[in-house]
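Written below as structure tokens is the structure these notes are about.
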Amino acid sequence: MTPTVQGLGAVDAPGADPDPRAHRLPRLERLALGAAREALAGHSPESLGLVVGTGYGGLAMTEAFLRSVVDRGMAFGSATAFHQSVPHSAAGYLSMLLGIRGPVLTISQRELSGESALRVGLALLDRVEQVLVVAAEEQTSLLEAGYQAFGSVFRVAEGAAAVLLGPGPGRLRVERCDLFSHPASPRRFASPAQLGPRLVESVATKGANVLVSIAAPTPAVERAERAALGPEARILEDQPGTTRVAFHPSAGLARFVLAARHLLTTSGESVCVLHGLALGGGQSITVVRHDA
Amino acid sequence: MRGVAVTGLGIVSALGSGLGAHLVAMREGRTPLRPVTLFPPGDLASFPVGEVDPALIPRRSPRCIRLTLHAARQALGGRAPGGPGVIALGTTTGGILDSEQHYLKHRGAIGAEDRGLLLHHAMGTLTGVLVRALGLSAEEHTFSTACSSSANAIGFGASVVARQGGWALVGGVDSLARITYAGFHSLKLLSSVPCRPFDRRRRGLSLGEGAAFLLLEPEADARQRGAPILGFVTGWGCASDAHHATAPHPRGDGAVAAMQSALADAGIRPSNVDYVNAHGTATPANDVAEGIALQRVFGDDCPLISSTKGLTGHTLGAAGAIESVLCVLALSSGFVPATTGLEEPDPEIRVRHVPPGGLARPLSAVVSNSFGFGGNNTALVFSSSA
């Protein structure tokens, strides 16, 4: 059975959480929790797994730990900052706060962390009835400076998105989520020649009424995507996580949530192809279909 | 899970490089754990660690990349698998050794950042390195579930091969780093002497480093190309404690669920298991909780139990992969390693320890446990037949 989307959530800032245990959590964890609660609203899954995608994890807590070592010495590192610097920290806290006792995983796949988490989440549906996929990234000065040092023109943002997957019923079906690799420098995206064929093929096979959400992490890559698709393509404009809004490494899932919500407003059958790209040559194609 | 053959293994750790070195070390049971030399411990004591011999990984690139490529090349045996495949890698800290060196050098000063910071800090960089250096074309996934990272990478990769065929290069890596050295000290979990898993006098863990990879493919494909089959991945189970950020559930709830799920996936009963390679970190809390979990799953008919962390140190995200390779070695050689460092078994942990010196015995099914921060629990089952 094709997996269906049973809940959606997206936040771009941490909100107030009803659980007092959440109040002192790091920003990344609170972003992830906000999106997760939104996607789970109205659901009480019996058999639930969780996959969290994050490109850089608790970068702020990593810096806080290193700062404590620099300021006070190796013997005086902060225990709290240490365990919250581990990329799995957010998933661990979410499992505690949401009572998730099934498989709980964290994926960190550079700028395709959201897509990779979605792919793993779909596979986990063989093992549990529902899977909550969450992608989250926090904005830190280190992340911003690091991207600038790559010579890219990223405007770094933060946010979290969540998708609750299940076997159905539902009007939104995830038809496909595939990841590919191209040989590329770790500081570069796939070239136009590398990214074009997969993107064009994925759109061409879906017939009419196809929307496309392009990755557009930089203006140059955006031009390459638009050139590959041609002038007739129906591209969702001003998507979060793209260079026109602001970029963060886990924004692929945020674009998925926005596209899914857009499809739900349409009256007939419609399809969205989501294109993802990562530094180092990663590429993803995700297809979500709305049944009338 | 049926028909997922292990056709290649690669491993590098404080014990050396390759299967031969590790089999000898398993038989000898001598600990290589020594005071750290990779970086100055500053105002901290020089705790014993499992450090990889620098001669094995000549310095050309970040340490985690050198470890990764060293073990992955061994697993592939000079062959780049064709057709669609999966690379699933587990790591807790990725290239943190290099990003922390950069940070400590520049102390976070504005304008001092360079390209190395994010380049090596991102965990997902490592799978891209494998793709480029080894000429592979595959979907890439990097699991970072703390100390169960590479166990989950192996389980996921095996489940993909079982479901849709192809091949999977699965494993994990972690290098020693200041952040984990100082971090585990901050949690008061480092032992001042080489770790003693399950021992009454155990005082904590000893860190290690290394990498290990397994090449997985459908049994039919392996037989068709005449590849040696070293064992089978037959079960993967993972479950969460939903209990505490760093401490295990006191009754091992998540560990029990993970082991039961893995056994169900393998289609075997607890009594079919011959040996369990325990997580066995030698921290007071882990070993007691794991002992209770083993009792709850296996009852009085407990299989042989040992921890190999006295040999390798706790290699964090690489531990699941390193211990999986040791499990496949145990299956294929018929030798069960003892727990190095265990002299006076803790009476509170009522399991059937492998006797000192190890045991020669044919094995048909073994379990490898890996647990991590955030209440993550993973168990894998390896079998001698599909």
**Report entry** Residues being under 16 Å from the mean Cα position of the chain (by Cα) and free of Cβ contacts under 8 Å to residues at least 24 places away in the same chain - total across the stretch A:14-30
**Finding:** 1
Query raised in the report: Only one of these conditions is not met by B:C238: (1) of a type outside the set (K, R); (2) part of a helix (DSSP H, G or I); (3) buried (at least 24 other Cβ atoms within 10 Å of the Cβ); (4) within 14 Å of chain A (Cβ to nearest Cβ). Which number is it?
Result: (2)
Query raised in the report: Do any residues in the stretch B:20-35 that are buried (at least 22 other Cβ atoms within 10 Å of the Cβ) have Cβ atoms under 7 Å from those of residues that are of a type in the set (F, W, Y), where the two are at least six apart or on different chains, and which pairs are they?
Result: B:M26/B:F335
Query raised in the report: Do the conditions hold for A:L48, that is, is it modelled with pLDDT of 95 or more, more than 7 Å from chain B (Cβ to nearest Cβ) and under 23 Å from B:A122 (Cβ atoms)?
Result: no
Report task. May I ask you to verify whether B:L326 is surrounded by 19 or more Cβ atoms within 10 Å (Cβ to Cβ), closer than 18 Å to B:G50 by Cα and out of contact with any Gly (no Cβ under 8 Å at 6 or more places or on another chain)? Result -> yes
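Yes or no, residue by residue, for (1) out of contact with any Gly (no Cβ under 8 Å at 6 or more places or on another chain); (2) β-branched (V, I, T):
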residue: B:A211; (1), (2): no, no
residue: B:P218; (1), (2): no, no
residue: B:R223; (1), (2): yes, no
residue: B:T234; (1), (2): no, yes
residue: B:H243; (1), (2): no, no
residue: B:V256; (1), (2): yes, yes
residue: B:L263; (1), (2): no, no
Report task. Examine the stretch B:128-147 for a residue that is at the interface with another protein chain (Cβ under 9 Å from one of its Cβ atoms), under 18 Å from B:G94 (Cβ atoms) and among the charged types (D, E, K, R), and state whether such a residue exists. Result -> yes
Query raised in the report: So how many residues does the stretch B:135-148 have that are more than 22 Å from the chain's Cα centre (by Cα) and among the aliphatic types (A, V, I, L, M)?
Result: 2
**Report entry** Residue check, B:L104 buried (at least 21 other Cβ atoms within 10 Å of the Cβ) and at pLDDT below 80
**Finding:** no
Report task. Just one of (1) surrounded by fewer than 24 Cβ atoms within 10 Å (Cβ to Cβ); (2) in a loop (DSSP other than H, G, I, E, B) trips up B:T339, so point out which. Result -> (1)
Requested in this report: Specify the residue that is surrounded by the fewest Cβ atoms within 10 Å (Cβ to Cβ); the eligible residues are those in the stretch A:90-141 that are within 9 Å of chain B (Cβ to nearest Cβ) and β-branched (V, I, T).
Outcome: A:I100
Report task. Within the stretch B:214-225, identify whether any single residue is within 21 Å of B:V325 (Cα to Cα) and either small (G, A, S) or assigned to a loop (DSSP other than H, G, I, E, B) (or both), and answer yes or no. Result -> yes
Query raised in the report: Does A:A41 satisfy being over 27 Å from A:D126 (Cα atoms), modelled with pLDDT under 95 and surrounded by fewer than 23 Cβ atoms within 10 Å (Cβ to Cβ)?
Result: no
Report summary line: Here the residues within the stretch B:179-195 that are polar (S, T, N, Q), in contact with a helix residue (DSSP H, G or I) (Cβ under 8 Å, 6 or more places away or on another chain) and either away from chain A (no Cβ under 11 Å) or under 11 Å from A:S78 (Cα atoms) (or both) are B:S186
Report task. Find all pairs meeting these conditions: Cβ atoms under 9 angstrom apart; at least six residues apart or on different chains; first residue within the stretch A:203-225 and at pLDDT 90 or above; second residue of a type in the set (S, T, Y) and in a helix (DSSP H, G or I). Result -> A:V212/A:S202
Report task. Give the residue that is surrounded by the most Cβ atoms within 10 Å (Cβ to Cβ), with candidates limited to residues of the stretch A:67-89 that are aliphatic (A, V, I, L, M) and at the interface with another protein chain (Cβ under 8 Å from one of its Cβ atoms). Result -> A:V86
Report task. Just give me the residues in the stretch B:343-386 being modelled with pLDDT under 95 and hydrophobic (A, V, I, L, M, F, W, C), in sequence order. Result -> B:F373, B:A386
Query raised in the report: Which of the residues spanning the stretch A:236-261 are at pLDDT 90 or above and surrounded by 17 or more Cβ atoms within 10 Å (Cβ to Cβ)?
Result: A:G252, A:L253, A:A254, A:R255, A:F256, A:V257, A:L258, A:A259, A:A260
**Report entry** Residue among B:G310, B:G291, B:G280, B:G254 that alone is part of a helix (DSSP H, G or I), at pLDDT 95 or above and under 22 Å from B:S13 (Cα atoms)
**Finding:** B:G310
Requested in this report: Would you check if B:S99 is among the hydroxyl-bearing types (S, T, Y), modelled with pLDDT of 95 or more and surrounded by 15 or more Cβ atoms within 10 Å (Cβ to Cβ)?
Outcome: no
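The values are calculated or read from the model by the stated rules, or taken from the named source; none is laboratory data. Not measured: the values here are computed from a predicted model. Virtual Cβ from ideal backbone geometry, glycine too; neighbours counted across all protein chains shown.
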